[in-house]
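For reference, the structure discussed in these notes is given below.
The values are calculated or read from the model by the stated rules, or taken from the named source; none is laboratory data. If you're wondering where the values come from, they're calculated on a predicted model, not measured in any experiment. Heads up, the Cβs are rebuilt from the backbone with ideal geometry, glycines too, and the neighbour counts pull from every protein chain shown.
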Amino acid sequence: MSVIFFSKLMNHEIFVQPSVNQQKTVYKNKVKFLGWESKMAYLALVNTSTNLLFFRVKPALLVLGIFALLFASCGDEELIADVGIPVDTLQTKTSIHYGIVSDSFLVFQSSVKKNELLSHILLRHHIPYSEIDALVKQAKDVFDVTQIRSGRNYTVLCKNDSTEKAQFFIYEPNATDFIVCDLRNEMKVYRGEKEVTEVRREVAGEINSSLYETLMDIDVSPAVAMKLSEIYAWSIDFYRIQKGDKFKVIFVDRYVEDTRVGVGDIQAALFIHRNEEFYAFPFDQGQGSNYFDENAKSLRKAFLKSPLKFGRISSGYTMKRYHPVQKRMKAHLGTDYAAPTGTPILSVGDGVVIEAKYSKFNGNYVKVKHNGTYTTQYLHMSKFSKSAKPGKYVKQGDVIGYVGSTGLATGPHVCFRFWKNGKQVNHRTEKLPPSLPVDRKYLPQFEAVKDSLKKELDVIPFEHNSKEVALAGV
Ligand SMILES: [Zn+2]
C-alpha cells in the first residue's frame, strides 16, 4: 500500500508539474486517507528500502525533503511546490526509459526549477561546457534548448561508475512528447512520443451545483464540461443550468501510463435541460465532425433572418444616418423593421431573456442571450409578451413582444440589434456558423451511427455513473 502510494507520489507530485490540478487533487485525497501510522511506515520505507528507492542527497536535504513530504501529508501541498526536492532523485528500479534500457545507468528524474537552464542541469551531471555547446548546436533542428521551461519533467541517465557522467538527457515538453539527447561519443538529438492509452468512458450525472463540479465529483476532466458547453452553445445556456438537469456523456480519457493527459472528442451526449432532451451525435460529412441531434439536425442553429414574420426594412445598419427625431447624423447600429402596432415580435433564436424593461430612448425593449457569443435586442415595443421576463427561456420563433413606437421612434417599428461578444454588429452581413442538417445522401450512414450510440446512451443509468472500457493503445 505504502509502496504504491509512494510510487504514485513520486510519479505524480514530485515529478509532474504542480499546475495539473486533477493530479494534485488525487494526491491530496490519498494523503488524507492515510493514517498517522501509515505515514510513519512510509517514512520508514523511504529511509530503509534502498533497493527500492533512495535519495542521493546530503543528510540535511534529506531531512528537508522528508519534512516537505510530512507537511505535504498534512494537506499543505504548496510546500512541495516551494521546497521541492532540491536535487535530482536517483532510482534504481529495473526499467526502460524512453526506449532506452536504463538498467546499467543511474536514473535521475526531476522537473526543471525556476530560472534553471539546461547547462545547470548538465553541469551538475558532469557534462563540461564544451560538450554542452556542441549539444546546443546538434539540437538546433530538433528543439531549442532555451525553450526548456520550469516545471517540465526531465530524466538524466548517468554512467554507473565513479564519474557519474550523464549519457542521456531526456526532456518532456508536454505530457506526451519527449526529446532525447544522446550525449555519448556522437551526440544525437531526437524526438519521441509516449504511448497513449485511450479509455472510453460512459458517465451520467444529475447537476446539483454546476456541471463542472458534478463532473469533478465523478472524476471527469473539466475539459469535458468545456466541450459540452461548446456542443450545446446554441441550445443550452450553461450559466443558467438548473438544479436537477441531467446528462449522459460518452467520451475518451487519454492516459500515459496511469496519468491522465487529456480527453478526446465527445462521442455522444444527452443533456436533459428543463425536462427537455438534447441529444448530440458527431458526424462528419466530409468537412470535419459536427454535432447533430437525433433527427439529423445540426446542433448549431441559424437565427431567423428577421424578428417579424412580415415587415419591411425601413432603415438598415449603418455607421452614419440622419436621425429623423434627433435631426442629426448618427450611427444606427440596428435594423429597423416597420410594421403595424401590435405585430408580434419573435425571438430570432433560442435563449434566455436577460432584460425586459423600459428606457427613455429604447422604449419597451427585450434582450435575449443566445449563447456565450450572441445576444439580440428588440426595441420600441408597444407591450411585452408573457414570456418576456428576465430569466425566462425562449425558443426560436417565440413571441416576446409587439411592435410599437415607445421611446425615440417616429412610427411603429422594431429596431433589431445584434450583439456579438458584447459589440453590436450588422446581423445581415455577419457570417454565422453553418447549421445545415445531415445531407440526404449521408442519412443512412448517420442513422446507423446514431442508432448504436443512442442505444448505448439510453442504457446508461443515472444512479451508477461510470463505466470504463480500455481501448488499445494508440
Ligand atoms: Zn433602429
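With respect to the conditions (1) in the same structural domain as Ser119 (by TED's automatic domain parsing); (2) assigned to a helix (DSSP H, G or I), Thr155 lacks only one, and its number is (2). Inside the stretch 358-373, can you point out the residues that are under 30 Å from the mean Cα position of the chain (by Cα) and not in a strand (DSSP E or B)? Matches in the stretch 358-373: His370, Asn371, Gly372, Thr373. Does Ser359 satisfy the criteria of being of a type in the set (S, T, N, Q), in contact with a strand residue (DSSP E or B) (Cβ under 9 Å, 6 or more places away or on another chain) and farther than 20 Å from Lys309 by Cα? For Ser359, the condition - of a type in the set (S, T, N, Q), in contact with a strand residue (DSSP E or B) (Cβ under 9 Å, 6 or more places away or on another chain) and farther than 20 Å from Lys309 by Cα - is met. Considering Gly404, Gly422, the condition of being more than 16 Å from the ligand (Cβ to nearest atom) and either under 27 Å from Ala302 (Cβ atoms) or of a type in the set (Gly, Ala, Ser) (or both) is satisfied by Gly422 alone. The condition (being more than 16 Å from the ligand (Cβ to nearest atom) and touching a residue at least 60 places away in the same chain (Cβ under 8 Å)) is satisfied by just one residue among Pro444, Pro412, Pro437: Pro437.
Within the stretch 346-354, none of the residues are away from the ligand (no atom under 13 Å from the Cβ), loosely packed, with under 15 Cβ neighbours inside 10 Å and not hydroxyl-bearing (Ser, Thr, Tyr).
In the stretch 224-266, the residue that is modelled with the lowest pLDDT out of those that are small (Gly, Ala, Ser) and surrounded by fewer than 17 Cβ atoms within 10 Å (Cβ to Cβ) is Gly244. Looking across the stretch 202-223 at every residue that is assigned to a loop (DSSP other than H, G, I, E, B) and hydroxyl-bearing (Ser, Thr, Tyr), the one that is surrounded by the fewest Cβ atoms within 10 Å (Cβ to Cβ) is identified as Ser209. On inspection, Met329 does not qualify as of a type in the set (A, V, I, L, M), within 16 Å of the ligand (Cβ to nearest atom) and under 42 Å from the mean Cα position of the chain (by Cα). When the strands (runs of 3 or more DSSP E) confined to the stretch 318-357 are screened for residues that are at pLDDT below 90 and not assigned by TED's automatic domain parsing to the domain that holds Tyr232, those reaching at least 3 such residues are found at 318-322, 329-332.
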